[in-house]
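The values are calculated or read from the model by the stated rules, or taken from the named source; none is laboratory data. Computed from a predicted structure; not experimentally measured. Virtual Cβ from ideal backbone geometry, glycine too; neighbours counted across all protein chains shown. The protein model used for the area step is the full one, side chains on, heavy atoms only, and it has no ligands, DNA or RNA in it. Shrake-Rupley method; radii C 1.70, N 1.55, O 1.52, S 1.80 Å.
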2 protein chains.
Amino acid sequence: MRIVESPHDMQRICESLRLAKETIGFVPTMGAFHDGHVSLIRAARESCSQVVVSLFVNPTQFGPGEDLTKYPRMSEQDASLAEKAGVDFLFAPTEEMMYPKGYVTFVEVERLTKVLCGASRPTHFRGVTTVVAKLFNIVKPHKAFFGQKDAQQTLVIRKMVEDLNMGIEIVEMPIVREPDGLAMSSRNRYLSLEERKEALVLYRSLTEAQRLIDNGERDARRIIESIERTIRAAPHAQLDYVEVVDAWTLEQLRELKGECLIALAVRIGTTRLIDNTKVNV
Amino acid sequence: MRIVESPHDMQRICESLRLAKETIGFVPTMGAFHDGHVSLIRAARESCSQVVVSLFVNPTQFGPGEDLTKYPRMSEQDASLAEKAGVDFLFAPTEEMMYPKGYVTFVEVERLTKVLCGASRPTHFRGVTTVVAKLFNIVKPHKAFFGQKDAQQTLVIRKMVEDLNMGIEIVEMPIVREPDGLAMSSRNRYLSLEERKEALVLYRSLTEAQRLIDNGERDARRIIESIERTIRAAPHAQLDYVEVVDAWTLEQLRELKGECLIALAVRIGTTRLIDNTKVNV
């Protein structure tokens, strides 16, 4: 595995790979790898001849007062995990390389970014689409891999790729969970032992919703109320949002129909966690 | 010369050209070709093995009440001129292909787009950078050619390319003028005979400014006043702006120093014309 710091070098390498008819699979990350990241790398490894992983804690997707400075940085462990998972190139630029003095250009996807996490984090997705557009231009991937845990993010990036004619295939991989059901996230490290137990309410509320749907419930309001009840029962959990939306347009549904996304964000103490499930009814 | 309508086909062709180690020179246009366009095509022809010209009247760069619907469309003459000038591919998509239903993604360059033409046309450059980003992703050029007449546009696109790591060389070619000095523009067609004569004030005011500078004038205010006087003397001319700015940052200058851009926009009747000159003092 080769570690590359400079965007210019990375771009030259990827240009050469393309000219040599290699297929490039790309996994953009903010590091602090867990099995969710590993599943994306493995998927890239299986379908592409070259695997590039980027490791960059992107400041533009954090809002004021969010956890940019405390976001876990553990580049040595990450490098070793990436190498074991079969990564060919680990692209780890500095902030100054990605956003040099005088940086002023942003990519914005409207509408899809105003709801769910975009409502609580108004500049978040603009930061995501901007950095991913940059990374796509540097890495020139054929395929890029994202996790369903950030379902809205995948959808927003898919829309950007389509609208801007980027010609990149976006692959979404399933949520990877801890044995007890908690969705893997780099932010789980923030949780105290007690909070870690309480964090299970996200998954528990979703499995309960799934049970209702399996039993024939189609009223979105009833599903939302069931999730709200489960979250309220946890003393340190505070619901940010729970919504039942169309999985492609993110428009709110009254009644479940077609591909639906049930998504929620919950604060456990000071840590904001998200989770979701997709159902097809 | 091959005419291509579909963005998807154009992208596939350009991808193949790149894999075949061709160098792609690209001239994005809104058609209604004049010698200014031809000079860009010739420059592309001289330095690249394949020349792609796009012809697309981009709706997102026109504001409400601007001349989108009356903008000259003359695709047959354009195709014949392009072929004569040595174009390999003329990419002429429809509006529906470039902005299908549900289109929501925009590229925005901040700061540089707020001054000069950006002050009178607040959404103009967002439309330009968005369509050029799309065209760059479709055509995948090594070099792209723009005219100095739209000096701010070239600068904004250069900044977008740098900030988003697009890895494309931007080449700016000199302004091409009619024998009497009027800068060539597709919008010159709107002018009546009388207006056509008056339109000369733009060039005349700039040559007068140049004369002052040659004689040692360095005070931006005096140069601006001289241009304002010349424009005021023309009965149907109405000044939109005249500014003396740093040619790279577009920041207003009190005193000419280094590379300066003197730019103006003037309405002749209902037609808005722009012109500029660069001086290095």
### Query
What are the pairs, 6+ residues apart or on separate chains, where a residue within segment B:223-243 that is outside the structural domain of residue B:121 (by TED's automatic domain parsing) has its Cβ under 6 Å from a residue that is hydroxyl-bearing (Ser, Thr, Tyr) and open to solvent by less than 30 Å² (accessible area, probe 1.4 Å)?
B:227/B:205; B:230/B:205; B:231/B:205
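Yes/no per residue for (1) in the same structural domain as residue A:255 (by TED's automatic domain parsing); (2) without any contact (Cβ under 8 Å) to a residue 24 or more places away in the chain; (3) out of contact with any Phe, Trp or Tyr (no Cβ under 6 Å at 6 or more places or on another chain):
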residue	(1), (2), (3)
A:164	no, no, yes
A:167	no, yes, yes
A:178	no, yes, yes
A:181	no, no, no
A:200	yes, yes, yes
A:205	yes, no, yes
A:209	yes, no, yes
A:214	yes, yes, yes
#### Entry: Selected residue (criterion: nearest to the other protein chains (Cβ to nearest Cβ)) from residues of segment A:109-129 that are closer than 21 Å to residue A:252 by Cα and of a type in the set (A, V, I, L, M)
A:109
#### Entry: Members of segment B:112-136 found to be touching a residue at least 40 places away in the same chain (Cβ under 8 Å) and open to solvent by 40 Å² or more (accessible area, probe 1.4 Å), listed by number
B:115, B:119, B:120, B:122, B:123, B:126
### Query
Does residue A:244 satisfy the condition of being at pLDDT 95 or above, more than 18 Å from the chain's Cα centre (by Cα) and within 20 Å of residue A:155 (Cβ to Cβ)?
yes
#### Entry: Any hit, segment B:60-77, residues being farther than 25 Å from residue B:126 by Cα and either of a type in the set (Asp, Glu) or over 20 Å from the mean Cα position of the chain (by Cα) (or both)
yes
### Message
If the requirement is being more than 23 Å from residue A:129 (Cβ to Cβ) and touching a Gly at 6+ places or on another chain (Cβ under 8 Å), which of these qualifies: B:207, B:123?
### Response
B:207
### Summary
Considering only helices (runs of 4 or more DSSP H) wholly within segment B:1-108, the ones with at least 1 residues that are surrounded by 15 or more Cβ atoms within 10 Å (Cβ to Cβ) and more than 14 Å from chain A (Cβ to nearest Cβ) are B:35-47, B:75-84
### Query
Which of the residues spanning segment B:137-162 are within 13 Å of chain A (Cβ to nearest Cβ) and either modelled with pLDDT under 95 or surrounded by fewer than 24 Cβ atoms within 10 Å (Cβ to Cβ) (or both)?
B:137, B:140, B:142, B:155, B:158, B:159, B:161, B:162
